[in-house]
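Take a look at the structure set out below.
The values are calculated or read from the model by the stated rules, or taken from the named source; none is laboratory data. Just so we're clear, the structure is a prediction, and the values are computed from it rather than from any experiment. Using ideal geometry, Cβ is built from the backbone for each residue, glycine included, and neighbour counts are taken over all protein chains shown. Ligands, DNA and RNA are stripped out before the accessible areas are found, and what is left, the full protein with its side chains, is counted by its heavy atoms. Shrake-Rupley method; radii C 1.70, N 1.55, O 1.52, S 1.80 Å.
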Amino acid sequence: MMISESFRELHRRGEGALIGFITGGDPSPKISQQIIETIAKEGADIIEIGIPFSDPIADGPTIQAASNRSLNAGTNPQAIFDIVKETKSRIEIPIALMTYYNVLFKMGVQNFLTKASEHRVDGLIIPDLPIEEAAEYRELAEKQGIDTIFLVTPSTLPNRLKDILNYTSGFLYLISIYGVTGKRDDVSQLTIQSIKRIKPYTAGTIPLAVGFGLHKPEHISSIIGSGADGAIVGSALVKIVENNLNDSIKLIEQISTLTRNLKSATLPKK
Amino acid sequence: MSRLDIYPIDGKFGKYGGRFVPETLMPVIKELEESYQKFKNDSNFKKELEYYLRDFVGRPTTLYYASNLTKILGGAKIYLKREDLAHGGAHKINNTLGQALLAKKMGKKRIIAETGAGQHGVATAIACAVLGLKAEVYMGTEDMERQKLNVFRMRMLGAEVHPVDSGSKTLKDSINEALRDWVTNAQTTYYLIGSVVGPHPYPMIVRDFQCIIGHETKEQILAKEGRLPDALVACVGGGSNAIGLFHPFLEDANVKMYGIEAAGESITSGKHAASISAGSEGVFHGMLTYVLQDENGQIQTTSSISAGLDYPGVGPEHSFLKSIGRVQYDAITDKEALEAFIDLTRNEGIVPALESSHALAYSKKLAKKMNKDQIVVVNLSGRGDKDAEVVATQKGAMI
């Protein structure tokens, strides 16, 4: 299933999308595979897997630590491609990869995208690649049938928003706040206002998903209630890995519970 | 060939440079570029900066003929551009004053900076103290341990020092942390970057403020020798002192240029910081440039006796100048740098920074191969008091 199909189906059912992020290969390739399948089975609609990078400037301490654990476990891009293929062979769910541009650049953008496509990757999120630098990447990704998910922020002005939308497929990623990834206590007014401001530009053409800071069911319902088509949860899931490094059974249990609770918040109000 | 001083064009030096930053920073770096273009030609801004550079920093710094060293080597005449005499003890202040003044004009009251050895942090703290701005400096805990004196100097000058405990706990991580702060507080905060690195427009802005080194050198050598030098030598970490010296000479085809990186233990040992000499093209800290990385694009940790050169990337303009062959890049080991440090101290009574000692070590080799009527200018980018402890340890002494 492709990302756009997933959103269309959810839309028909009146649901928002739960997009679950996890750093791939953390704490080991084997457990990472289990975590991803758990997130998928317990109700996430789309999975976002991070390919670890040594210097993740858009990430807060939780995902930084996960990236380090994963790199120390020997994770490379190929290992993540393999996880994607394995997951897709068992579960029908769209998968997007998140990583920093140097990981593509070093492998060769064309080569990276070909491999990604061969391993059934559906979309890519590259937080340090603004549209100014993305012409070649976007063109090559389109040829491989991979969605290019770009990010906007509360300070993105209408003209730039339109330019970014021209580069975007799959969904538009709204960063909820000014800052890096990581839990925040509440959904701020800034986030709600930003959703309402941006929604008219995306409605009917591309889904709008919101990420950074969300970790409670009430955050998800507030985001979806304000007009977003999906909510992305990352650091809260990654934190469960960090807290249960020596107990994979408890780790999987907690991932299951959190995913279920978060998914329930995307369902239509009875 | 087109002129070399017209770059960057649309944020790039050839294919190098660019703006590889999170979307949150895009409006901010565009605002910075617009403000910079406005103020750099503003006569009041220029006058104010000139005033501080002259009366506060003590510019122009001298161009000193190192006659003892020249005699010993028996080759080309060696001149030293004495950036070690600038206030704060290094060329860093040229950039921090320029940018701090720009930040002030832009109405930003909070300044953040990264520092490795602490020299840029101290220079930022000095500039902010004199201009009445608040400075917060990110520094790796590993570096804080190695450079305790500079940590204290920054705090005395009123700067807040934030320890960075992530990654390798050194310069690259302090830049990561400064970028994260900037992403979070971009509306109120000015990021005062310390070298010709990072996303456009930083490599251009820092270069422009450092070009005073080359402009003065040109004037001074013409006054002393009636002609331009045959060669320029400068050390390259990020590369700001080198580009500052080189840039005004780029169109003078007979002036050869040498950028000297840190070979650490040796290039073959893998324990070095020679991004151009031993690295490959990559995208790091907002720019496309030469970086030290593994086969998967993970940035590697570096090693050098000199903390100021201990960085796994290099300014994109250097990558460009390397690609067209205008500047030759080479590397000097810790051991060679240490010898050059002692040499200059004994023979000329000048204690050079370990960073600058890399340039000195290379000039010694170069001058020997040249004729007595030829001229080499070495950028003595900083003074070496800060390195006393490192040198003492190497020499087996305790202080």
When the range A:159-185 is examined, which residues are found to be farther than 24 Å from B:Pro201 by Cβ, free of Cβ contacts under 8 Å to residues at least 60 places away in the same chain and either touching a strand residue (DSSP E or B) at 6+ places or on another chain (Cβ under 6 Å) or more than 12 Å from chain B (Cβ to nearest Cβ) (or both)? A:Lys162, A:Leu165, A:Asn166, A:Leu172, A:Tyr173, A:Leu174, A:Ser176, A:Asp185
Extreme residue, nearest to B:Lys134 (Cα to Cα), among residues of the range B:163-214 that are within 11 Å of chain A (Cβ to nearest Cβ), touching a Lys or Arg at 6+ places or on another chain (Cβ under 8 Å) and open to solvent by less than 30 Å² (accessible area, probe 1.4 Å): B:Thr189
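Condition check ((1) under 21 Å from A:Pro94 (Cβ atoms); (2) modelled with pLDDT under 95; (3) open to solvent by 30 Å² or more (accessible area, probe 1.4 Å)) across all residues:
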residue	(1), (2), (3)
A:Tyr167	yes, no, yes
A:Tyr178	no, yes, yes
A:Gly182	no, yes, no
A:Arg197	no, no, yes
A:Val210	yes, no, no
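Based on what the data block shows, is B:Ile324 in contact (Cβ under 8 Å) with a residue 60 or more places away in the chain, open to solvent by 10 Å² or more (accessible area, probe 1.4 Å) and among the hydrophobic types (A, V, I, L, M, F, W, C)? So that I can check it myself, show each step before the final result.
Working: in contact (Cβ under 8 Å) with a residue 60 or more places away in the chain: yes; open to solvent by 10 Å² or more (accessible area, probe 1.4 Å): yes; among the hydrophobic types (A, V, I, L, M, F, W, C): yes.
The answer is yes for B:Ile324.
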Determine which single condition B:Leu102 fails, assuming it passes every other condition in (1) open to solvent by 50 Å² or more (accessible area, probe 1.4 Å); (2) more than 22 Å from B:Leu309 (Cα to Cα); (3) in contact with a Phe, Trp or Tyr (Cβ under 9 Å, 6 or more places away or on another chain). (1)
Is the range B:216-231 home to any residue that is closer than 15 Å to B:Glu317 by Cβ and either among the hydrophobic types (A, V, I, L, M, F, W, C) or without any contact (Cβ under 8 Å) to a residue 60 or more places away in the chain (or both)? no
Could you pull out the residue among B:Val314, B:Val378, B:Val391 that is in contact (Cβ under 8 Å) with a residue 12 or more places away in the chain, farther than 16 Å from B:Asn241 by Cα and not charged (D, E, K, R)? B:Val391
Of the residues that sit in the range A:128-139 and are open to solvent by 20 Å² or more (accessible area, probe 1.4 Å) and touching a residue at least 24 places away in the same chain (Cβ under 8 Å), which one is farthest from the other protein chains (Cβ to nearest Cβ)? A:Arg138
Say we look at the range A:239-258 and pick out the residues that are closer than 19 Å to A:Arg69 by Cα and charged (D, E, K, R); which of these is most open to solvent (accessible area, probe 1.4 Å)? A:Lys250
Conditions (1) open to solvent by 20 Å² or more (accessible area, probe 1.4 Å); (2) within 14 Å of chain A (Cβ to nearest Cβ): number failed by B:Val130: (2)
Of A:Pro207, A:Pro217, the only residue that is in contact (Cβ under 8 Å) with a residue 60 or more places away in the chain and under 23 Å from A:Ser6 (Cβ atoms) is A:Pro207
One residue is enough: does the range A:8-26 have a residue meeting the conditions within 25 Å of A:Ser248 (Cβ to Cβ), of a type outside the set (Ser, Thr, Tyr) and within 14 Å of chain B (Cβ to nearest Cβ)? yes
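Which strands (runs of 3 or more DSSP E) does the range B:84-175 wholly contain that include 3 or more residues that are under 29 Å from B:Asp42 (Cα atoms)?
Details: elements: B:110-115, B:134-140, B:160-164.
Strands (runs of 3 or more DSSP E) meeting the threshold: B:110-115, B:134-140.
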Looking at the range B:271-297, which of the residues that are at the interface with chain A (Cβ under 8 Å from one of its Cβ atoms) and in a loop (DSSP other than H, G, I, E, B) is most open to solvent (accessible area, probe 1.4 Å)? B:Glu295
The conditions are (1) touching a residue at least 40 places away in the same chain (Cβ under 8 Å); (2) within 14 Å of chain A (Cβ to nearest Cβ), and B:Thr333 fails exactly one of them. Which is it? (2)
Looking only at the range B:186-218, count every residue that is in contact with a strand residue (DSSP E or B) (Cβ under 7 Å, 6 or more places away or on another chain), among the polar types (S, T, N, Q) and in a helix (DSSP H, G or I) and tell me the total. 1
Restricting to the range A:33-67, count the residues that are part of a helix (DSSP H, G or I), among the small types (Gly, Ala, Ser) and crowded, with 24+ Cβ neighbours inside 10 Å. 2
Scanning the range B:225-240 for residues that are open to solvent by less than 10 Å² (accessible area, probe 1.4 Å) and not in a loop (DSSP other than H, G, I, E, B) gives B:Ala231, B:Leu232, B:Val233, B:Ala234, B:Cys235, B:Ser240
Is it the case, given these coordinates, that A:Phe105 is in a helix (DSSP H, G or I), of a type in the set (Phe, Trp, Tyr) and more than 10 Å from every other protein chain (Cβ to nearest Cβ)? no
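Would you confirm whether any residue within the range B:300-313 is under 19 Å from B:Glu142 (Cβ atoms), of a type outside the set (Gly, Ala, Ser), within 11 Å of another protein chain (Cβ to nearest Cβ) and surrounded by fewer than 24 Cβ atoms within 10 Å (Cβ to Cβ)?
Taking the range B:300-313 first, the residues under 19 Å from B:Glu142 (Cβ atoms) are B:300-313.
Next cut, of a type outside the set (Gly, Ala, Ser) only: B:300-302, B:305, B:309-312.
When the remaining residues are screened for being within 11 Å of another protein chain (Cβ to nearest Cβ), the result is B:300-301, B:312.
Remaining after also requiring surrounded by fewer than 24 Cβ atoms within 10 Å (Cβ to Cβ): B:300-301.
Checked the range B:300-313: at least one residue is under 19 Å from B:Glu142 (Cβ atoms), of a type outside the set (Gly, Ala, Ser), within 11 Å of another protein chain (Cβ to nearest Cβ) and surrounded by fewer than 24 Cβ atoms within 10 Å (Cβ to Cβ).
Out of everything in the range B:1-27 that is among the aliphatic types (A, V, I, L, M) and away from chain A (no Cβ under 14 Å), what residue ends up being surrounded by the fewest Cβ atoms within 10 Å (Cβ to Cβ)? If you could, list the steps in order and put the result at the bottom.
Residues of the range B:1-27 that are among the aliphatic types (A, V, I, L, M), as a first pass: B:1, B:4, B:6, B:9, B:21, B:25-26.
Of the ones still in play, those that are also away from chain A (no Cβ under 14 Å) are B:1, B:4, B:6.
On the way: B:Met1: 5, B:Leu4: 17, B:Ile6: 7.
Among those residues, the one meeting the criterion is B:Met1.
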If we ask which residues in the range B:20-77 are part of a helix (DSSP H, G or I), closer than 18 Å to B:Asn379 by Cα and touching a strand residue (DSSP E or B) at 6+ places or on another chain (Cβ under 8 Å), their number turns out to be 2
Condition first: part of a loop (DSSP other than H, G, I, E, B) and among the acidic types (Asp, Glu). Now tell me which residues in the range B:254-270 satisfy that. B:Glu265
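Given the options B:Ala388, B:Ala331, name the one that is under 30 Å from B:Tyr202 (Cβ atoms) and either open to solvent by 10 Å² or more (accessible area, probe 1.4 Å) or among the basic types (Lys, Arg) (or both).
Numbers: B:Ala388 fails: under 30 Å from B:Tyr202 (Cβ atoms).
None of the other options fit; the residue is B:Ala331.
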Just a yes or no: is a residue in the range A:83-99 part of a loop (DSSP other than H, G, I, E, B), more than 10 Å from chain B (Cβ to nearest Cβ) and buried (at least 24 other Cβ atoms within 10 Å of the Cβ)? yes
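Identify the residue in the range A:38-80 that is of a type in the set (D, E, K, R) and in contact with a helix residue (DSSP H, G or I) (Cβ under 6 Å, 6 or more places away or on another chain) and, among all such residues, is nearest to the other protein chains (Cβ to nearest Cβ). Steps first, answer last, please.
To start, the set of residues in the range A:38-80 that are of a type in the set (D, E, K, R) comprises A:41-42, A:45, A:48, A:55, A:59, A:69.
Filter once more, so that each one left must be in contact with a helix residue (DSSP H, G or I) (Cβ under 6 Å, 6 or more places away or on another chain): A:42, A:45, A:55.
Working: A:Glu42: 30, A:Asp45: 24, A:Asp55: 5 Å.
Ranking the candidates gives A:Asp55 first.
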